[in-house]
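Reviewing the structure listed below.
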Amino acid sequence: MELLPSLRTGDSPRTGDDFARQLQQHRTRRRLTQTELADLSAVSVRALRNLEKGQVAVPRTDTVRLLSDALRLTAHERAEFEVAAGCQSGDALFESLVEAPPAKPLLGRERETEVLHRLLAGEHRGITAITGFAGVGKTHLAAAVATRLRARGVPTLWAGPAAAGAARPGQPAGRVTELLASGEEGFGELARLVGERAALLVVDGNDRGPIPREQLRSLARLCPNLRILETSRAPQGAVEEFHLPLQPLGAAAEGGEGLPTREAEALLVQLIADRQPGFAPGPAVMPLLSEVCRRLDGVPRALEAAASWSMIASLDELLTMAREEPLLLATHPGSPAGLGLAVHEAVAVQPPSHRELLARLASRPGPWTVEAVAATLGRTRTETAAAVYRLVQCGLIRKTAAATGARSELAVLHAVRAYLANPVVPV
């Protein structure tokens, strides 16, 4: 992909032909005749004909503005239109791609935020990836890191399948995704626009790589000051790229008392209070909420669903559901798709050997160590560690709290255990 020559030279040359082509395309898309566009824009039909023939080398700024308004161009389309007319530099195009990350308070991810900020604000040139279970908070964490970098003057470009689906046509998130997904021409345009600018590109929800990993690596090489942060349910990159397996929020150990001191309980209390103003659980209620959090594995999306259930069920009923039907409690009462579907998808993409190992691990009572599992199954420690590590990266297994100096213990998520006990595809 020969993009280097155009990357460092600033904006590519623009001509009257380029502006003429864009004007014709926009007019045709709006299904307007030259006469109709002339009436809407107050630009004469004769002037429009000359512009569309490429006979005007540098259109007047007022004319370009009137046409942009009449054609109802998006911010990015307007910037391209003005650059083609010679009215603005490529800075306008780049700025039209910049988007402020979603502003949402983040609870209990201070350490992860600090690690990612240090990497992305430093000299790490490879792709930085956040991996983990659906609903564990990958997008939320990426937005928090982007907000922190933005405060230091680093703009955010947001892309991804979810962004393309949610954004209105021509909006920044959808436009960046379109450029990355439209082959060499779009990729080259994005690389040219970023150039040597310092920027953060967030590729959100890049599960199974709809935006090719090699394309992202090429973009990082061509744009020396661009940092790339990707979120996905499973790791896709090379070993040398940094992966942060995002674990669920911590919950108090069984038998804990008092007010919420762990992130999961604090989040659940906050979510219930958002739906039921005035909710303020006392010390006697916290053990119940702590058990609900443990049985929902501290997964933020599952806790959100449980908080919604609290609108139609008592706290005692929530606990019963958590013990007997955790996947139902982890599914919003107004939505058919919940944690069960996420578990099904996460398990289904594993290779058969990993699914078999996961099923055997789920049948073990309590937490376990890699050494113990290897010995029980008659596998080497290296083989077992590699498979368990992959399952941890996908969020199906989590590391449990252990005493200082003790061996690390791991456990299969309660939701995964429930699914494997009755592996019905959710509908």
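Any read-out appearing in this document is the output of simple, stated calculations on the displayed coordinates, not a laboratory observation. Just so it is clear, the structure is predicted and the values come from calculations on it, not from any experiment. FYI the Cβ positions are ideal-geometry reconstructions off the backbone, even for glycines, and counts take in every protein chain you see.
A few notes on this one:
- Estimated at 0.36 nm per residue, the fully extended path between ARG72 and SER353 surpasses their Cα-Cα distance by 95.7 nm.
- Dipole magnitude for segment 340-421: computed about the Cα centre from +1 point charges on Lys and Arg Cβ and -1 point charges on Asp and Glu Cβ, it is near 100 debye.
- The value of relative contact order for segment 269-427, using C-alpha pairs under 8 Å at least six residues apart, is 22 percent.
- Mean residue ellipticity (222 nm) of the chain, computed from DSSP H runs ≥ 4 via -39,500 (n - 2.57), nearest 500: -15000 deg cm²/dmol
- Over 39 Å [Cα-Cα, the chain], rounded percent: 34 percent
- Rounded to 5, the percent of DSSP beta bridges in the chain classed as antiparallel: 20 percent
- Relative contact order of segment 110-245, pairs being alpha-carbon contacts under 8 Å that are 6 or more residues apart, as %: 36 percent
- Size of electric dipole in the chain: Cβ of Lys, Arg +1 and of Asp, Glu -1, about Cα centre, debye, nearest 20: 420 debye
- To the nearest ten degrees, helix 183-194 and the longest principal axis of the Cα atoms of the chain are 80 degrees apart.
- From phi via Karplus (6.51, -1.76, 1.60), per-residue ³J(HN,Hα) for segment 36-41 in Hz, x at Gly/Pro: 5, 5, 4, 5, 6, 9
- Cα centre as origin, Lys/Arg/Asp/Glu Cβ charges: segment 110-245 dipole, Debye: 280 debye
- Low-density loop cleavage sites - trypsin sites (Lys or Arg not before Pro) in segment 27-89, where at most 10 other Cβ are within 10 Å (DSSP): ARG31
- Relative contact order of the chain, defined on C-alpha pairs under 8 angstrom at six or more residues apart (%): 13 percent
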